Amino acid sequence: MKDNITPPTEPAGLTTGRAILWGSAGFCGVSVAAFSIWAGGSGWFRHRGGEAALYAAIAIAFVGLTGLFLHPLLVGPRRIRRFYAAFTPAFLLYAVVWSGFWFWLKFGLGEWLGAFFGSASFVAIMAWRLGRWHSLVPVTVVFFALHTAGYFAGGWCMAQLLALARQVPPPVLNKGTLITCAMLSWGVMYGLGFGAGLGYLLAVLQRPSAGATGSPQSR
């Protein structure tokens, strides 16, 4: 069944810049909550499904919380339902693609290939579910750039805080607190980057395409 998205413009008062800020701030909060599962529950999952179960729990947190914070970026009625209908398959495919490259190639090449193909998959599914294929290539490029910048900035922040935690004694806080902050810092930066890309995606894909004669459809 298809739902009309009307009107095919940005939400009233919500420019592309504001969509980027909204997406970045909202998804940052979601990311910190999801990464807290990793920071505080990785030991619990060690004997309860291991890394696969941990990543599944994190993915569920991302999917479950994102719609609550970011559904206002959609245009038209039934925004929550339509947001989840688009975001859920897009993010789950992204997570499977990224995780597949990570488990296969690990750091370095695995991260870059996972970021590229995961981003492309995410944007393609979002475009399909929103019924908006115009500007697909530039949106993919921007989303990949913002997502990947956030991901690697988070890795850098985590490495810096872990280096402080390895000092004896740590110059600030204590070792356990620094380790937790290091893991959550990755979530902050990743969330800012992914969220900015998602805000940009939603703003651009909901604009009317050149020569459009009717309302776009959402599957």
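Here are some notes:
- In segment 88-137, the residue that is surrounded by the most Cβ atoms within 10 Å (Cβ to Cβ) out of those that are touching a Lys or Arg at 6+ places or on another chain (Cβ under 8 Å) and under 20 Å from residue 66 (Cα atoms) is 90.
A quick yes/no check of all residues on (1) closer than 20 Å to residue 84 by Cα; (2) within 17 Å of the chain's Cα centre (by Cα); (3) not hydroxyl-bearing (Ser, Thr, Tyr):
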position	(1), (2), (3)
99	no, yes, no
103	no, no, yes
107	no, no, yes
112	no, yes, yes
118	yes, yes, yes
126	yes, yes, yes
129	yes, yes, yes
137	no, no, yes
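- Counting only residues that are buried (at least 17 other Cβ atoms within 10 Å of the Cβ) and free of Cβ contacts under 8 Å to residues at least 12 places away in the same chain, segment 77-87 holds 1 of them.
- Condition check for residue 113 on (1) modelled with pLDDT of 95 or more; (2) under 27 Å from residue 25 (Cβ atoms): one failure, at (2).
- Residue within segment 40-49 that is at pLDDT below 95 and either β-branched (Val, Ile, Thr) or crowded, with 19+ Cβ neighbours inside 10 Å (or both) present: yes
The values are calculated or read from the model by the stated rules, or taken from the named source; none is laboratory data. Here the structure is a predicted model, which is why all the values come from computation and not from measurement. Here Cβ is always computed from backbone atoms with ideal geometry, including for glycine, and neighbour counts include all displayed protein chains.
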